[in-house]
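I have placed the structure first, in the form of structure tokens, so that the comments after it can refer back to it.
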Amino acid sequence: DFTQFLLNCKVNNIMGACLGACFAGICCGMCGQCKAVKSGPISRIPYLFLFIAAGIFSIIMSLYGEEQLDLLYFDTQLCPVETCMGTGSVYRTSFILFLFELIHVLIIGAAGVVAFHWMFFTWKCLIFLIALVLSFVIQTEDSNAFFQGYANYFARFVSALYLILQILIVVVLSYEINEALQEKVDTYSAEHESADRDEDEKSASSCACNPWMWLFVGVTLLFYVLSFTFLGVFYHLYAQEQSACGANIALITITIVLCVCNALFSFLRADGSFFVSSAVSLYATFLLFAGLQSVDDAQCNLLHTENQNALWIGYVISFLSIGYAAMRADRIGLLTYDQHKQLQSAENGGEMPQPQQQNANTQSGGYEKVNKEDEAADNDDQDLHLDMPENEEKQSDKEKDAIFMKAQRKSHTFFHVILTLAACYYAMLFTQWANSNRIETRGHVNLWVNIGSQWICVALFYWTLIAPKICPNRFPSEEDE
């Protein structure tokens, strides 16, 4: 029996080594050419892959590794016994991810070394793995207290900022899609309108025959139909016992009222924001679902299970949202939206702003000075005039390169800022916001965090509707422009 046991251990070790080698080969194959791609979503995939792999590692360690390796990390505040384990792996992984991304923010954003984003990824990954292993291996009397303090007094507050930025990304993206669809509608109408018809006939026929208008209206109605359909289903899934599930019923009813108000306010504004209101309503419905799914009561949650499937499903949903937020990192603020639109063409290799346009937005007047000097030189020397096209082309190339690097620096910095905040949010996501002694996705804390995010999202949307009326100078109309 002992010989058979050793043989099984040897086979398991060989299989584990082979799987580890295959996994490492896949990682190297995916990330070996990272430096060849300097911008865009592809350059961000290796960092997301590393983030997701670290998250899977921490969950496996929490569920199985700590017990097998006798790594007795436990919450000293809630459960001062060795049997309470689970949060130590999550906190350590979160902290190392936070430091890893923070270093990128400082080097790329503060120091301006943009190339650090796509260079040395293999070495950076190796250093990350060494730091992660050391966080588990080095055990001192204060190690648990340090990581618990990181979760309680730092990650908890930073995570709230991450949720707000995630909401900003959703709202800004909704407005971007809304503007794109409206531009398609207007372009199609302008190209297919007939000069022989009256204004009323033109508007009626353009709306009826415009496929982009049908798409715009259809998607908007679809979002509202999905929102109210899901809200109706929620009464069945999360409000079976009316006497015991009063809070769930109240939250579902409040969400219905908010969705109706979204549609009503957008309709009264009549500014083309009806699609945005439908997208916000659908996202609010999703946040309600995420909150109600956290209810740890079988009577008020028909989807309640005791196995680990719900944990992994929550992991997949959470990291999909984190990945999406990171990919859309350059949309993180309404205050920087105009700057993003100006630099977006530079990142995509489009046409750059002309010097005359830049003069209107700057106080230095550098381009005017260069132009005046060039004009004086033209009058003095005809030979220099012959060289002007080449000089202007070189200067234009330098301007394009400078604006392109500025766009890359901003985009990559925002990307790593999102992952820095998401690393802190990860520490809260599976620990009931540092209020649990084991990893889990259910509890009243997760419920109210999602509900609070829903209310903030709706309030932000209402602010985008009333801000142009309150501060008209900050939001000029198209006619004023």
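Things to note:
- Of residues in segment 440-481 being open to solvent by 60 Å² or more (accessible area, probe 1.4 Å) and charged (D, E, K, R), the one modelled with the highest pLDDT: Lys469
- Subset of segment 253-290 (residues that are of a type in the set (S, T, N, Q), crowded, with 20+ Cβ neighbours inside 10 Å and assigned to a helix (DSSP H, G or I)): Thr255, Asn262, Ser266, Ser277, Ser278, Ser281, Thr285
- Segment 110-130 - residue that is in contact with a helix residue (DSSP H, G or I) (Cβ under 9 Å, 6 or more places away or on another chain) and outside any helix (DSSP H, G or I) and, of those, surrounded by the most Cβ atoms within 10 Å (Cβ to Cβ): Trp118
- Complete set of residues in segment 131-147 that are surrounded by fewer than 11 Cβ atoms within 10 Å (Cβ to Cβ) and either touching a helix residue (DSSP H, G or I) at 6+ places or on another chain (Cβ under 8 Å) or among the hydrophobic types (A, V, I, L, M, F, W, C) (or both): Val137, Ile138
- First in segment 125-136 and free of Cβ contacts under 8 Å to residues at least 40 places away in the same chain, second anywhere and open to solvent by less than 80 Å² (accessible area, probe 1.4 Å), Cβ under 7 Å, 6 or more apart: Ala131/Ile96
- The one condition in (1) crowded, with 16+ Cβ neighbours inside 10 Å; (2) modelled with pLDDT under 90; (3) under 30 Å from Trp448 (Cα atoms); (4) of a type outside the set (A, V, I, L, M, F, W, C) that Gln242 fails to fulfil: (1)
- Residue under evaluation Leu161, criteria (1) open to solvent by less than 60 Å² (accessible area, probe 1.4 Å); (2) closer than 30 Å to Ala427 by Cα; (3) at pLDDT 85 or above, criterion not met: (1)
The values are calculated or read from the model by the stated rules, or taken from the named source; none is laboratory data. On a predicted model such as this, the values are computed, not experimentally measured, just so you know. Cβ coordinates were reconstructed from backbone atoms using ideal geometry, including for glycine residues, and neighbour counts include every protein chain displayed. Remember, those area values only see protein heavy atoms, side chains included, never the ligands or the DNA or RNA. Shrake-Rupley method; radii C 1.70, N 1.55, O 1.52, S 1.80 Å.
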